[in-house]
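The values are calculated or read from the model by the stated rules, or taken from the named source; none is laboratory data. Keep in mind that this is a model prediction, so the values were computed, not measured. Reconstructed Cβ throughout: ideal geometry from the backbone, glycine too, with neighbour counts over all protein chains shown. Surface areas here come from the heavy atoms of the whole protein model, side chains and all, with no ligands, DNA or RNA. Shrake-Rupley method; radii C 1.70, N 1.55, O 1.52, S 1.80 Å.
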Amino acid sequence: MWNLTYISEEDFSNHVKATIKKYGEKLESFNLKRFNKNIIDPIKLIFDKMVYQSSWEEIISNEIFRQRDKSNNNDIGYFHQRIFQYIKNCHVPINGEEGGWDVIYKNPNGIEIPNAGSVHTVYVEMKNKHNTMNSASAGKTFIKMQNQLLNDDDCACFLVEAIAQRSQNIKWETTVDKKKVGHKLIRRVSLDNFYAIVTGQDDAFYQMCMILPCVIEKTVKEFEGTIVPHDTVIDELKALSSKENVESEDLAMAMAVYMLGFGSYKGFAK
């Protein structure tokens, strides 16, 4: 049975599918050329292998995962933001339009703001993680929210964090031009609290998290294995290591890795 009352099974499944598709070229298999596109650091790989006492297969797999993961946060940001297009009273503007807000929530019945009364619109800036903004970015965002309040006296502005330090809905205080600033209608809100506000269900985010793994698993199966990468990096490195004139198999692999970054360096070029 479908337990989420604020989004249909079809809409949620389609959103998960769209998010997986956003992974795009990162789902393509890694060969040695792609693996070393930006030239890896062989010294780091050697240290990691020895210090963590890992196998070459583990170290190479971890590096491939790291390279894929570098740009995946944007795709998960897409998931967190655009799910609200399916939730009642929420609107997700096209990127850069309508003030550049990530989500706009309107409720004709009013939206209660702690210690600040009621408003009818909330403008949202969404971040994946609480520590992704430096002081300059935080200041710029706060000023944007201040300007919105000046233009609309029946609204609040939320900085919504998917990975907040804790569950919270608090007055956001930050520094602008070396001065500490804050406003009762400019709030710092964890994602679970925002879900609760827009759905009227305290554990709405929890319920979504509980059903998400099953939907992802089902959706991945629908792709019939087309998105599962077959990486050949370790096999290609082993083939190269077999050509090294070194007695130790482990050192031969190390030489193959060294050649990725140091192939033209003195000594290695021989």
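Here LEU212 sits with roughly 40 square angstrom of accessible surface, probe radius 1.4 Å.
If you take the Cα centroid of the stretch 1-75 and the Cα centroid of the stretch 232-255, the two points sit 25 Å apart. Using R0 = 25 Å, the C-beta based FRET efficiency linking ASN38 and LYS266 works out to 0.65. With K and R counted +1 and D and E -1, the other residues having a Cβ less than 13 Å from that of PRO93 yield a net charge of -2. Take the Cβ atoms of GLU28 and ASN134, set R0 to 30 Å, and the FRET efficiency comes out at 0.40.
When each pair of different Cα atoms in the stretch 33-156 is counted once in the 1/r mean, what is the Kirkwood radius in angstroms, to one decimal?
18.3 Å
On the beta carbon distance between PHE47 and PHE79, with R0 = 35 Å, the FRET formula returns roughly 0.55.
Each label was represented as a point 7 Å from its Cα along the Cα-to-Cβ direction; for GLN67 and ILE211 these points are 3.8 nm apart. Counted residue by residue at 0.36 nm each, then reduced by the alpha carbon distance between them, the extension gain from GLU97 to LYS171 reaches 24.0 nm.
Between HIS230 and LYS180, the contour length at 0.36 nm per residue exceeds the alpha carbon distance by 12.8 nm. Converting phi to 3J(HN,Hα) with the Karplus coefficients 6.51, -1.76 and 1.60 and the offset θ = phi - 60°, the stretch 26-31 yields 5, 7, 5, 5, 9, 9 Hz in sequence order, with x at every glycine or proline.
Could you tell me which chymotrypsin sites (Phe, Trp or Tyr not before Pro) in the stretch 206-270 are loop residues by DSSP with no more than 16 other beta carbons within 10 angstrom of their beta carbon?
PHE223, TYR265, PHE268
Subtracting the Cα-Cα distance of LYS243 and ASP202 from 0.36 nm times their residue separation leaves 8.6 nm of extension gain.
In the chain, which whole DSSP H runs stretch at least 18 Å along their own axis (Cα) and average 1.0 or higher on the Kyte-Doolittle scale?
The qualifying helices are 249-262.
Placing one equal scatterer on every Cα of the stretch 109-189 and applying the Debye formula, the log10 ratio I(q)/I(0) at q = 0.13, 0.27 Å⁻¹ is -0.37, -1.46. Of the trypsin sites (Lys or Arg not before Pro) found in the stretch 193-265, the ones in coil according to DSSP and having at most 16 other Cβ atoms within 10 Å of their Cβ are LYS243. Sparse packing (at most 13 other Cβ atoms within 10 Å of the Cβ) combined with a DSSP loop state is found for the following trypsin sites (Lys or Arg not before Pro) in the stretch 52-103: LYS70, LYS88.
Here each label is just a point 7 Å from Cα along the line to Cβ, and for MET1 and ASP153 those points are 4.9 nm apart. Mean projected area of the Cα convex hull of the chain, taken over all directions, amounts to 19.5 nm². Projection of the Cα convex hull of the stretch 41-94, averaged over all directions and equal to a quarter of that hull's surface, yields 5.6 nm². Taken as Cα centroids, the stretch 156-170 and the stretch 99-151 sit 10 Å apart, rounded to the nearest whole angstrom.
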